[in-house]
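K.L.:
Could you have a look at this structure, given as structure tokens, before my questions?
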Amino acid sequence: MNPTPRSDTTTPTPATGFPTAAGGSGPSTASSSTPASGSAPTPTSASAMQAASPPPSKPKLALYWAASCGGCEIAVLAINEKILDVAAAFDIVFWPCVMDGKVRDIERMPDGAIDLCLFNGGIRTSEQEYMAQLLRRKSKV
């Protein structure tokens, strides 16, 4: 049996700005026009054009807990719902204490791809030394 491959790629529809599966078509509305060539409809209003543009990228944040008591990680978590403000301002790319993240994901990033890394604790093991060097290389600050 050959199942149909699943497409995880989404594109905004010109009329609504809501994502649809790649290759799918969005609903037709009066705010779109179809060129004589028969190509896909193009947005005609400024709001439709703005909705079709990708959102601006957020700065990337990584947090790492080396040899420490864990108080720094708890302090970050203790800001309660304000953590949502952090998540709104930053794309959290690595935080092993809170979310599943793999070292190989960080290794695959280009150098300097992380805007801010908060590294807390001392370095006592070769793994922590490796992570300190890796995160320093991948981070701007």
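K.L.:
Could you list, in sequence order, the residues of the stretch 107-141 that are of a type outside the set (D, E, K, R), under 17 Å from K58 (Cα atoms) and surrounded by 14 or more Cβ atoms within 10 Å (Cβ to Cβ)?
P.N.:
M109, A113, I114, C117, L118, S139, listed by residue number.
K.L.:
Here's another thing I want to ask about it. Residue pairs, Cβ under 6 Å, 6 or more apart or interchain, first in the stretch 81-94 and closer than 20 Å to L135 by Cα, second β-branched (V, I, T). List them.
P.N.:
Taking only residues 6 or more apart or on different chains, the pairs are F94/I106.
K.L.:
Moving to a separate point now. Of the conditions (1) touching a Leu at 6+ places or on another chain (Cβ under 7 Å); (2) surrounded by fewer than 13 Cβ atoms within 10 Å (Cβ to Cβ), I92 fails just one. Which one is it?
P.N.:
With (1) touching a Leu at 6+ places or on another chain (Cβ under 7 Å); (2) surrounded by fewer than 13 Cβ atoms within 10 Å (Cβ to Cβ) applied to I92, the lone miss is (2).
Just so you know, all these numbers are worked out from the coordinates, no wet-lab data involved. Quick caveat, the model's predicted, so the values are computed rather than measured. Cβ atoms come from the backbone with ideal geometry, glycine included; neighbour counts cover every protein chain shown.
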